[in-house]
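Visitor: This is the structure, below, for whatever I ask next.
None of the figures in this text is laboratory data; all of them are computed from the coordinates on show. Predicted model, so just to flag it, every value in this text is computed and none were measured. No Cβ is skipped: glycine too gets one built from the backbone with ideal geometry, and neighbour counts run over all protein chains shown.
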Amino acid sequence: MARMQRMLTNLFGSWLQLHRRFPEALLDEMTAAIAAGERNHRGEVRFAIESRLAPLAVLEGLDAPTRARQVFGQLRVWDTEHNSGVLFYVLMAEHRIEIVADRGIAAHVTTAEWDAVCTRMRECYARGQWRGGSLEGIAAAHALLLRHFPGNDKANPDELPDRPVLL
């Protein structure tokens, strides 16, 4: 997408759409799904949804992957004992989904595996299935984390908040 077109797309992104597609009830379901899955593995899942980027930032070159890495740092997803944080970043204006995994996870889970999760979520979102796409993405992340970072006999501490963040 050309930078000027991206700027216009982000200019008309709406906070109202964000709340319509991700109402409190869905955020509650997502929180419960994240918390339930984390009890089975050592990973930590965060979910951040942003309606749009500032148009001036887009003109200066900010894109979804860069913004996802910024949010990863801002939300301190990297701050886990086993470097096992995963961030789902959804940029609604540009229909982009980025998954950023901390180095402990990136060493074991391939980019292709995360890309498959993003593709499935994007397909659901394109059909207006915001709930299904979000919950499927969370379930798929938990399946990958369970395979590569299974829990052990000790209680797994919840190191990061489970509630999705609306930016």
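Visitor: Using Cα pairs under 8 angstrom and six or more residues apart, how large is the relative contact order of the range 37-123, in percent?
Guide: 30
Visitor: Return one number: the angle in degrees, 0 to 90 and rounded to the nearest 10, between the long axis of the Cα atoms of helix 111-126 and the longest principal axis of the Cα atoms of the chain.
Guide: Result, in degrees: 50.
Visitor: Just for the chain, what percent of DSSP beta bridges are antiparallel, to the closest 5?
Guide: 45
Visitor: If each residue of separation counts as 0.36 nm, what is the full-extension length gain between A112 and R131 once their alpha-carbon separation is subtracted?
Guide: 4.5 nm
Visitor: Would you work out if the range 86-132 is rounded, prolate or oblate? Take a ≥ b ≥ c from the square roots of the eigenvalues of the alpha-carbon gyration tensor; rounded if a/c is under 1.5, else prolate when a/b is larger than b/c, oblate otherwise.
Guide: Prolate is the answer for the range 86-132, as a/c is 1.5 or above and a/b outweighs b/c.
Visitor: Something else now. Does the chain come out rounded, prolate or oblate, given a ≥ b ≥ c as the square roots of the eigenvalues of its C-alpha gyration tensor, rounded meaning a/c under 1.5 and, failing that, prolate meaning a/b above b/c?
Guide: Prolate, since a/c reaches 1.5 and a/b exceeds b/c.
Visitor: Fully extended, how many nm does the chain gain between A32 and E60 (0.36 nm per residue separation, minus their Cα-Cα distance)?
Guide: Length gained between A32 and E60: 6.3 nm.
Visitor: Hey, another quick one. Across the range 64-71, in residue order, what do the Karplus-derived ³J(HN,Hα) couplings come to in whole Hz, using 6.51 cos²θ - 1.76 cosθ + 1.60 with θ = phi - 60° and x for Gly and Pro?
Guide: 4, x, 5, 5, 4, 5, 4, 5
Visitor: Another question about this same structure. Give the shape of the range 47-133 as rounded, prolate or oblate, defined through the alpha-carbon gyration tensor: a ≥ b ≥ c are the square roots of its eigenvalues, a/c under 1.5 means rounded, and otherwise the shape is prolate if a/b is larger than b/c and oblate if not.
Guide: oblate
Visitor: At what distance in nm do the modelled label points of E24 and Q74 sit from each other, each positioned 7 Å from its Cα along Cα→Cβ?
Guide: Label-label distance for E24 and Q74, simple model: 2.4 nm.
Visitor: Looking only at G37, G151, G61, which one moves most when the chain is put into a Gaussian network model with springs between Cα atoms under 10 Å?
Guide: It is G61.
Visitor: Restricting the count to DSSP beta bridges whose residues both fall in the range 26-108, what percent are antiparallel, rounded to a multiple of 5?
Guide: Antiparallel bridges: around 45 percent, rounded to the nearest 5.
Visitor: In whole Hz and in residue order, list the ³J(HN,Hα) couplings for the range 28-33 that follow from phi through the Karplus curve 6.51 cos²θ - 1.76 cosθ + 1.60, θ = phi - 60°; x for Gly and Pro.
Guide: Residue by residue, the range 28-33 yields 5, 5, 5, 4, 5, 5 Hz.
Visitor: Spelling out what I want: for every residue of the range 79-89, take phi, set θ = phi - 60°, compute 6.51 cos²θ - 1.76 cosθ + 1.60 (Karplus), and round to whole Hz; glycine and proline get x.
Guide: Couplings: 8, 10, 4, 9, 6, 10, x, 10, 10, 8, 10 Hz.
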